[in-house]
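Only one structure is covered here, and it is reproduced in the block below.
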Amino acid sequence: MNILKNDEAIQQLKNAKRIAVLTGAGVSAESGIPTFRGEEGLWTKLSPHEMASFEAFYNNTAIVSEWYHHRREIIDKSNPNPGHYALKELQDLTEDFSLITQNVDGLHQRAGSTDVIELHGNIMENYCINCNRQFSHEEFDEIYRHNSNHIPHCFCGGLIRPNVVWFGEQLPEESIKKAYQAAIRSEVFLSVGTSAQVAPASDLPRHAKQNGSYLIEINPNQTAISDIVSLRFEGLSGDILPMFVEDLKEILSNNQQTVR
Ligand code: BJW
Ligand code: ZN
């Protein structure tokens, strides 16, 4: 870690009243949840459009439903990691803080973050594509387990799908609106653990930068936005985010002592 770079990031975070953070699958990697792309990613074996589209679900319901069931089981057994907890602490230290996530695992909320903007939905929620009835995780699990062909049906006969956003589908209107607003008004924008390959989420860092925000990326690998960021931290979010928060707390407490 370059100490000077770290200092610069901490100064930016300290001076910012408005911070926005965009997270991706990499933030949950240290909780044991596989990312999508990359060497260990889910999609080294499976094609994204074959699994994460409505057509895939409709034509291969059993396979796609099983895939989501398997992922829910992994998430159920996992816990938030130091990166998730650091973002909760950063929220507590910041006047105007927005946490925008592409993740569907709910780990930010389990770490205590509030008002999380979920761009791609939540894998634990399910709904009927016919009558729109919502199913809690427990209700859905009950239906899924008692169904030997792994094709979950609602009481009305319609198929039950996960409440996630697939390719070609619109993002929840309110979430994307809030995310753009947060990006535009931010003074510092952190892009953490995302390959920034999927639009419209990948547009957010660019919008933030165009509107004068200081753009910081945390990722062990280069991404589609690495060339436009103000600062890049090549490492794991579970290492770097807690370090930011510790340094920030130290500076803030020193400042308070000086004022007194
Ligand atoms: C670490 C780490 C550690 C590892 N610490 N870092 C051309 C044709 C067709 C469509 C399009 C097109 N061009 C654009 C589109 C639109 C399309 C799109 O962007 N496609 C691109 C792939 C080209 N987008 C959409 O369709 C979106 N909707 C839309 O645009 O609506 C308007 C519209 C409608 C109709 C037509 C056209 C437009 C919807 C996108 C929905 C994405 N859904 C998914 C699946 C969600 C459900 C599920 O979970 O199954 O969301 S796809 C998948 O990718 C998932 C993720 O949220 C998303 C982003 O992935 P993410 O988070 O960046 O993960 P990875 O794996 O890519 O990266 C992980 C990173 O972590 C890596 O960089 C690692 O290095 C790093 N890392 N360990 C920090 N410890
Ligand atoms: Zn129904």
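As a summary of the residue check, N221 satisfies the conditions (1) at pLDDT 95 or above; (2) surrounded by 13 or more Cβ atoms within 10 Å (Cβ to Cβ) except for the one numbered (2).
Across segment 115-127, a minimum of one residue is classified as part of a loop (DSSP other than H, G, I, E, B), out of contact with any Gly (no Cβ under 7 Å at 6 or more places or on another chain) and surrounded by fewer than 19 Cβ atoms within 10 Å (Cβ to Cβ). Determine whether G106 is modelled with pLDDT of 95 or more, assigned by TED's automatic domain parsing to the domain that holds S213 and closer than 16 Å to I75 by Cβ. Judged against the criteria, G106 is a match.
So that you can scan it fast, the table gives a plain yes or no per residue for (1) open to solvent by 50 Å² or more (accessible area, probe 1.4 Å); (2) in a helix (DSSP H, G or I); (3) outside the structural domain of K249 (by TED's automatic domain parsing); (4) in contact (Cβ under 8 Å) with a residue 12 or more places away in the chain:
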| position | (1), (2), (3), (4) |
| --- | --- |
| E39 | yes, no, yes, no |
| E66 | yes, yes, yes, yes |
| R72 | no, yes, yes, yes |
| A86 | no, yes, no, yes |
| Q91 | no, yes, no, yes |
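Where helices (runs of 4 or more DSSP H) sit wholly within segment 135-235, those with at least 1 residues that are over 21 Å from E73 (Cβ atoms) occupy 173-185, 203-210.
Can you pull out the residues in segment 193-218 that are buried (at least 22 other Cβ atoms within 10 Å of the Cβ), of a type outside the set (S, T, Y) and under 23 Å from E169 (Cβ atoms)? If the condition is that a residue be buried (at least 22 other Cβ atoms within 10 Å of the Cβ), of a type outside the set (S, T, Y) and under 23 Å from E169 (Cβ atoms), then G193, A196, A201, L204, P205 are the ones that fit. When every residue of segment 239-257 is checked against the conditions, at least one turns out to be under 30 Å from M51 (Cβ atoms) and either open to solvent by less than 20 Å² (accessible area, probe 1.4 Å) or within 16 Å of ligand 2 (Cβ to nearest atom) (or both). Do we have any residue at all in segment 235-244 that's of a type in the set (D, E) and in contact with a helix residue (DSSP H, G or I) (Cβ under 7 Å, 6 or more places away or on another chain)? Looking through segment 235-244, none of the residues is of a type in the set (D, E) and in contact with a helix residue (DSSP H, G or I) (Cβ under 7 Å, 6 or more places away or on another chain).
The values are calculated or read from the model by the stated rules, or taken from the named source; none is laboratory data. Predicted model only: the values in this text are computed from it and were never measured. All Cβ positions, even for glycine, are placed from backbone atoms using ideal geometry, and neighbour counts span all protein chains on display. In case anyone asks, the SASA skips ligands and DNA or RNA and just uses the protein heavy atoms, side chains included. Shrake-Rupley method; radii C 1.70, N 1.55, O 1.52, S 1.80 Å.
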